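The next block holds one structure in the form of structure tokens; read it before the comments.
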Amino acid sequence: MINSNNTILEVKDLRQWFPIHRGIFQRVVGHTKAVDGVSFAMREQEVLGLVGESGCGKTTTGRSILRLYDPTGGEVWYHRADGSIVDVATVGPTEMKALRREMRMIFQDPFSSLNPRMTVRDLIGEPLIIHNVAKGRELEERVAVLMRSVGLEPAYMQRYPHEFSGGQRQRIGLARTLSLNPRLIIADEPVSALDVSVQAQVLNLLQGLKDELGLTLLFIAHDLSVVEHICDRIAVMYVGKIVELAESETLLRHPLHPYTEALVSAVPPADPDIQTHRIILEGDVPSPANPPSGCVFHPRCRYAQDICVQQEPRLVEIEPDHYASCHFAKELQLVGIGG
Ligand code: SF4
């Protein structure tokens with residue numbers, strides 16, 4: 001297959017189900033449907049936010065795309081720089097190793113994702129060695145360039161992760177991710193473990209690097225306020241499914257799904273004098289091992305009606321490029337930012 005447009009990734013009906021075992025024979029008695037029929041596409045150099053509460057399946061989606069888990073079903077079409085297209089969900093280990101140069105992940109926790117016994121030089125240089133890209137003096141020079149690109153002083157390359165602050169450690173992780181010149185980065189809550197004061201610095205750095213290097217970013221976050229400025233489009237996930245997908249500005253100002261409306265209501269307004277009404281969702285996110293019937297959001301939805309308990313809504317295009325899965329998406333007048 002040859003890529004004829006600027007699409008870089010097409011995820012189709014991705015499923016990641018984990019078996020539930022019971023009894024002394026550990027029989028499979030059901031499945032936790034962590035990701036259940038997720039579909040979306042990304043354009044080159046786009047930043048797509050994947051947002052939802054803990055346990056909604058966003059991290060599992062990212063990990064399944066990169067084959068850190070073998071997907072239960074679905075397709076993950078990656079459009080390579082040479083124009084060829086591969087289904088990441090089914091490629092063999094040799095091809096996957098080559099793809100890992102182009103598709104990389106930034107992990108959430110800069111404290112546990114870096115091996116504490118490795119120096120910064122070895123941490124950033126390791127992918128270059130594994131993929132036979134550089135060694136010796138050349139390796140050191142490349143590590144120095146990478147450190148500078150993320151705002152770290154190369155003089156510190158012989159130091160260990162514990163000698164750096166949280167924000168600096170996330171910069172080390174970023175340099176490691178960038179070492180192989182990836183095209184697509186999946187950033188799994190890259191700032192949520194950092195102090196609020198440091199979050200903006202790392203987000204600005206990521207945005208700058210994305211523009212400079214022409215990266216495509218899938219940005220996973222649990223909170224819309226983190227992604228609203230960096231993302232071109234936002235997909236909202238709930239119990240393993242995408243419930244709304246649109247351009248960021250449209251989704252924030254004019255949500256079509258009641259769950260998005262509740263998430264939007266939690267975003268602090270730019271002007272602190274503006275009064276906002278936060279929607280508090282009752283109850284917890286249901287378990288993907290035992291999701292509610294019909295619309296999975298119905299037990300917490302203040303607009304739910306009988307049909308919501310019986311029939312599952314599908315994710316459909318309600319307005320141009322604006323998708324939502326709600327039986328009443330066309331009728332409800334939901335409130336967005338500034339609404
Ligand atoms: Fe709420 Fe019904 Fe829409 Fe689900 S389908 S979000 S329960 S109104």
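The values are calculated or read from the model by the stated rules, or taken from the named source; none is laboratory data. Small disclaimer: the values here were computed from a predicted structure and weren't measured. Note that we place each Cβ from the backbone using ideal geometry, even for glycine, and neighbour counts take in every protein chain shown. Only protein heavy atoms, including side chains, enter the accessible area calculation; ligands, DNA and RNA are left aside. Shrake-Rupley method; radii C 1.70, N 1.55, O 1.52, S 1.80 Å.
Summary of computed values
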| quantity | calculated |
| --- | --- |
| Boolean, residue 145 is among the aliphatic types (A, V, I, L, M), open to solvent by 50 Å² or more (accessible area, probe 1.4 Å), closer than 26 Å to residue 217 by Cβ and outside the structural domain of residue 211 (by TED's automatic domain parsing) | yes |
| Checking residue 15 against (1) part of a strand (DSSP E or B); (2) touching a residue at least 60 places away in the same chain (Cβ under 8 Å); (3) buried (at least 17 other Cβ atoms within 10 Å of the Cβ), the condition it does not meet | (2) |
| Residues of the range 80-89 that turn out to be open to solvent by 10 Å² or more (accessible area, probe 1.4 Å) and either at pLDDT 95 or above or in contact with an Asp or Glu (Cβ under 8 Å, 6 or more places away or on another chain) (or both), as a count | 6 |
| Only one of 217, 203, 194, 152 that is more than 30 Å from residue 300 (Cα to Cα), in the same structural domain as residue 49 (by TED's automatic domain parsing), out of contact with any strand residue (DSSP E or B) (no Cβ under 9 Å at 6 or more places or on another chain) and not in a helix (DSSP H, G or I) | 194 |
| Options 278, 314: the member that is in a loop (DSSP other than H, G, I, E, B), open to solvent by 80 Å² or more (accessible area, probe 1.4 Å), within 24 Å of residue 55 (Cα to Cα) and within 16 Å of the ligand (Cβ to nearest atom) | 314 |
| Residue match in the range 193-210 (condition: within 19 Å of residue 56 (Cβ to Cβ) and of a type in the set (D, E, K, R)) | no |
| Residue match in the range 248-256 (condition: part of a helix (DSSP H, G or I), away from the ligand (no atom under 15 Å from the Cβ) and charged (D, E, K, R)) | yes |
| Top-ranked residue in the range 282-311 [being away from the ligand (no atom under 11 Å from the Cβ) and under 23 Å from the mean Cα position of the chain (by Cα); ranked as nearest to residue 248 (Cα to Cα)] | 285 |
